[in-house]
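To start, the structure itself, in structure tokens.
The values are calculated or read from the model by the stated rules, or taken from the named source; none is laboratory data. Computed from a predicted model, the values in this text were never measured in an experiment. We place every Cβ from the backbone using ideal geometry, glycine too, and count neighbours over all the protein chains shown.
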Amino acid sequence: MPHDHSNPLSPSGHPYRKDQDKPLTYWQNMEIAVREILISKGITSTIEIQKTINDMDDRSPANGAKVVAKAWSDPDYKKRLLTNASAASKELGFDIGALKLIALENTNTTHNVIVCTLCSCYPRNLLGLPPDWYKQRSYRSRIVKYPRKVLKEFGLNLPKDISIRVHDSTADMRYIVLPNRPTGTDEFSIEKLESLVTRDSMIGVGLPKSI
């Protein structure tokens, strides 16, 4: 599909990147072509596309922190989360879609860690974009073979009597770790509990903030 790059807008009304001196790549041209075909056929619109982009940009670990804090403070919700994490997340407004989400509860004897050994599958609806290290081969391969050593590199030294379980995400299945609630937080509001939840604690390479 030809494009007039002297025009700052594509036929769909989407602005071309002005900071790009090099010619568009094959995949960039493909994205533009597919997007404009979908718009021209009325399947989607520029407004819907921009809304989706904005929704994706708004995803952050704060979403997952709301889920964790709710589970810490509401035993019934925690049961629902551990039974069907996708449905429980949707209760709080975080729709996982067709993906299956599994919540992994840390205990006094078991610590859970998530990884995607093939690529970077990750619960983005709850945690936002995956950190760079999560996508690197060094993490993806080593956390499976040497979990205790890798966690120590993250500053997490677990006692030897705590077993470590590594869970491998797939294209249609995601995990989120439900970390142990910090002691001394019985009187905390749910908002204050949310502030203790870290992204790394929901991946399993860290713990919630202590008080």
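Which of the residues belonging to the range 87-118 are among the hydroxyl-bearing types (Ser, Thr, Tyr) and more than 13 Å from the chain's Cα centre (by Cα)? Listed by number, the residues that qualify are THR107, THR109, THR110, THR117.
Looking at the range 103-121, is at least one residue out of contact with any helix residue (DSSP H, G or I) (no Cβ under 6 Å at 6 or more places or on another chain), free of Cβ contacts under 8 Å to residues at least 60 places away in the same chain and surrounded by 15 or more Cβ atoms within 10 Å (Cβ to Cβ)? So far as the range 103-121 goes, yes, one or more of its residues are out of contact with any helix residue (DSSP H, G or I) (no Cβ under 6 Å at 6 or more places or on another chain), free of Cβ contacts under 8 Å to residues at least 60 places away in the same chain and surrounded by 15 or more Cβ atoms within 10 Å (Cβ to Cβ). Evaluated against (1) out of contact with any Pro (no Cβ under 8 Å at 6 or more places or on another chain); (2) surrounded by 19 or more Cβ atoms within 10 Å (Cβ to Cβ); (3) closer than 16 Å to THR110 by Cβ, ARG181 falls short on exactly one condition, (1).
Scan the range 156-170 and tell me whether some residue there is polar (S, T, N, Q), in contact with a strand residue (DSSP E or B) (Cβ under 8 Å, 6 or more places away or on another chain) and closer than 21 Å to THR83 by Cβ. For the range 156-170, residues polar (S, T, N, Q), in contact with a strand residue (DSSP E or B) (Cβ under 8 Å, 6 or more places away or on another chain) and closer than 21 Å to THR83 by Cβ: present. Figure legend. Inter-residue proximity from the range 176-203: first residues within 19 Å of PRO147 (Cβ to Cβ), second residues at pLDDT 95 or above and polar (S, T, N, Q), beta-carbon distance below 7 Å, spacing 6+ or different chains. Indicated pairs: VAL177/ASN106; VAL177/ASN112; VAL177/SER201; LEU178/ASN106; PRO179/ASN106; PRO179/SER201; ASN180/ASN106.
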